[in-house]
Ligand SMILES: Nc1ncnc2c1ncn2[C@@H]1O[C@H](COP(=O)(O)OP(=O)(O)OP(=O)(O)O)[C@@H](O)[C@H]1O
Ligand SMILES: [Mg+2]
């Protein structure tokens, strides 16, 4: 699971086309309300996929299904070839134990709209906590790496600050560093800039652009059309729990085919 | 003030000099209370039943001091049991396993329904159920009989109930187990006060449920848990007097009562008990005041307060996990 390099040059046939994220017919209901009605999605390694859609269309829910924060009711999701949340044995699906689910989540980073930093820990400890606890790294090594990551997101001088002492943009950058500390092969962003004052959006987007440039596979729920156009490799437009339209972001934004996409883009542009 | 800054050329107005409202009622109250206090003090000094010199002679004697130490030890031990078990029961109560939830509900129900005095007497007399308490294979005799072996026993070790359930241990269990039921409710409220997003963020990082509870949720819940725990500790200190009826002899109230009974001077000894509990409780109240002051500071966004808050959280968190181990 670790150290597997994506896209091996002389791999078995078909290996290079294996997507990092592959979802098929994902259905999810809360009680009697079906929120996801059969989502199909493929995201290649190194690709930045932007997820757009009106409020309540199921974007967050789908993202949370990818790291099994929500259990799906039908369909399947694979990340780097591995089935999420279930194990296939003898042609049957077995639910994973809590420990196994936790192990799968380690390679999937997630960034939340409301940051969800741990308020009782410094920025440095927020980033170093999971590597020491989960990856069993030495405390000193983990802190060193955490400091380097915070440096990378431009917070090298805020290591000892508590989340309450940081601006929203700074908090979100700590949250990104915290996710990166687990060396994920996939990053999920759920409206990472929606809770920020407009003048702070840029600093977070810059960090994300940097990540994209370094080849991180990312799924980004966002209303930042500019970001989608500039950084996105693909754009997926969801509405009412289904994928309405997808394609190259620049083409979809310039020339949406579907009426609902047109209506939505007209509102956010 | 805003007027001032907008129009600096205008002169600052004279400070208001108004006649303040008079409060004749207050003066009346002061007079009434003053008379009552004077009457009370007069009674304290002149009424022979207080027998002050006798009381002061007796209340610092070694057996009483031993009782005092016993009371403090009992408070600490019962609270440790109460807090540790309370955390376990709170976590069971919030678990997804319906059996664990049920068990914790029944536990809380039972120990909150039965008065502590009754519990204390009950635990003090558990020796009636078993003369010896032994650990080993459950139902060993019945299993032996099933295979035709007479008097088959698989016991590892045992104690005489009299040795194990000394008054002190019985009292400690009665108070500690009952306290756990109340602490469980407090801890549950604390855990539920922590934002759901905290758990989700930790889950997304791959932490297991136990790790999330220990490292993320409980340290944050402490802010809500600590103040009522201070109240519980004070209440516990007072409730230790109940075990005098088990009876537990290494306990403050028992000792004071004993002196009173022996010398036919019960009333002065009850007054002595009053004074001792006042002193002990006041010490705890001071401690609680500083603890709560620390925690109320952390609520704002001020940075230094957060740093201090963390210090306490780390300490108490460490204490709780030590008790866990
Ligand atoms: N835990 C839940 N229980 C019940 N219903 C839920 C739950 N979570 C989400 N929903 C419902 O699912 C639908 C989709 O929610 P979701 O959060 O995925 O939308 P979204 O596309 O992320 O919207 P937004 O842009 O507002 O974040 C909503 O109607 C919401 O009310
Ligand atoms: Mg959402």
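Points to keep in mind about this one:
- Filter result for the condition that a residue is touching a strand residue (DSSP E or B) at 6+ places or on another chain (Cβ under 9 Å) and within 16 Å of ligand 1 (Cβ to nearest atom), over A:58, A:109, A:46, A:81: A:58
- Residue B:157 satisfies every condition listed in (1) without any contact (Cβ under 8 Å) to a residue 60 or more places away in the chain; (2) out of contact with any strand residue (DSSP E or B) (no Cβ under 8 Å at 6 or more places or on another chain) except (2).
- Filtering the range A:13-72 to residues that are within 14 Å of chain B (Cβ to nearest Cβ) and more than 16 Å from ligand 2 (Cβ to nearest atom) leaves A:68, A:71.
Residue-wise test of (1) modelled with pLDDT of 95 or more; (2) under 20 Å from residue B:256 (Cβ atoms); (3) under 23 Å from the mean Cα position of the chain (by Cα).
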residue	(1), (2), (3)
B:50	no, yes, no
B:53	no, yes, no
B:56	no, yes, no
B:61	no, yes, no
B:77	yes, no, yes
B:82	yes, no, yes
B:94	no, no, yes
B:105	yes, no, yes
B:111	yes, no, yes
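- For the range A:190-216, the candidate set comprises residues that are under 21 Å from residue A:64 (Cα atoms) and within 16 Å of ligand 1 (Cβ to nearest atom); within that set, the residue that is surrounded by the most Cβ atoms within 10 Å (Cβ to Cβ) is A:192.
- Screening residue A:92 against (1) within 16 Å of ligand 1 (Cβ to nearest atom); (2) away from chain B (no Cβ under 14 Å) leaves a single unmet condition, (1).
- Criterion violated by residue B:120 - all others in (1) surrounded by fewer than 13 Cβ atoms within 10 Å (Cβ to Cβ); (2) modelled with pLDDT of 85 or more satisfied: (1)
- When the residues of the range A:120-132 are filtered to those that are at the interface with chain B (Cβ under 8 Å from one of its Cβ atoms) and at pLDDT 95 or above, the one that is surrounded by the most Cβ atoms within 10 Å (Cβ to Cβ) is A:130.
- Taken over the range B:195-212, the criterion of being surrounded by 20 or more Cβ atoms within 10 Å (Cβ to Cβ) and more than 9 Å from chain A (Cβ to nearest Cβ) is satisfied by B:212 alone.
- Filter result for residue B:186 (under 19 Å from residue B:81 (Cβ atoms) and either at pLDDT 80 or above or within 14 Å of chain A (Cβ to nearest Cβ) (or both)): yes
- Enumeration of residues in the range A:74-102 that are without any contact (Cβ under 8 Å) to a residue 24 or more places away in the chain and within 19 Å of the chain's Cα centre (by Cα): A:83, A:84, A:85
- Matching option when the condition is over 28 Å from residue A:46 (Cα atoms) and either within 12 Å of chain B (Cβ to nearest Cβ) or touching a residue at least 24 places away in the same chain (Cβ under 8 Å) (or both), among A:180, A:196, A:166: A:166
The values are calculated or read from the model by the stated rules, or taken from the named source; none is laboratory data. Here the structure is a predicted model, which is why all the values come from computation and not from measurement. Ideal geometry is used to build each Cβ from the backbone, glycine not excepted, and the neighbour counts take in all protein chains shown.
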